[in-house]
Amino acid sequence: MARIPEVKSITTEDEYIHVRYRDPDQFDQIRTPDWADRVSDSVSEGSEVRMGKREAPDNWVVQSVLIQKNVGEQKAREQADEIIREIES
C-alpha cells in the first residue's frame, strides 16, 4: 500500500470540504487534470483533485482533494485518503 502524506488541514468551504496534504507554496504550478478528476469521481462523485508540480523532478503530486461537503468531515477525509492512494500508488 502506498504511503500517503499526512493531512495538513481540513477546512469547509462553500460546497466542499478541502483536505489539504501539501502546502500550495511548494509548487510552481497547480492544476486539476482530467485524468485525476476521473479517478476522484470514481471514489466520490463531484470531487476534485488539485495536483501540484515542482520545478524538478518533472512529476505531479496531489496537493489537495475537495469532497462535496454533504458527506461530512470524517467521510471526506477517508475518501480523500483513498483518492490520493489511488493516484500516487
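What follows is calculated from the coordinates using simple rules that are stated; it is not laboratory data. These figures come from a predicted structure and were not determined experimentally. Please note: Cβ atoms are built from the backbone with ideal geometry, for glycine as well, and neighbour counts cover all protein chains shown.
Some observations on this one:
- For I17, residues with placed amide H under 5 Å, excluding near neighbours: I67, Q68, K69
- Structure-derived Cα extents along the principal axes in Å - corresponding label in (1) 46, 29, 26; (2) 55, 20, 15; (3) 37, 24, 24: (3)
- S42 paired with E55, simple spin-label distance in nm, labels 7 Å along Cα-to-beta-carbon: 3.5 nm
- Set of aspartates and glutamates with alpha-carbon distance to K8 below 18 Å, sequence-local pairs under 8 removed: D23, D25, E48, E73, E78, D81, E82, E88
- Here the relative contact order of the chain, from alpha carbon pairs under 8 Å that lie six or more residues apart, stands at 32 percent.
- Near the amide H of Q63, within less than 5 Å, lie the amide hydrogens of R50, M51, G52, all on another chain or at least 5 residues away, with H placed in the peptide plane.
- Nearest-ten-degree value, helix 34-43 long axis tilted from longest Cα axis of the chain: 30 degrees
- The C-alpha atoms of the chain define a longest principal axis, and helix 73-88 lies at about 30 degrees to it.
- Near G52, once Lys and Arg are set to +1 and Asp and Glu to -1 for all other residues with Cβ below 10 Å from its Cβ, the sum equals +2.
- Per-residue ellipticity at 222 nm, computed for the chain from helices alone with -39500 (n - 2.57) per DSSP H run of at least four residues, works out to -9500 deg cm²/dmol.
- By average C-beta atoms within 10 angstrom, highest first, the peptides 33-41, 9-17: 33-41, 9-17
- Packing here is the average count of other Cβ atoms within 10 Å per residue, and on that basis the peptides 64-70, 50-56, highest first, run 64-70, 50-56.
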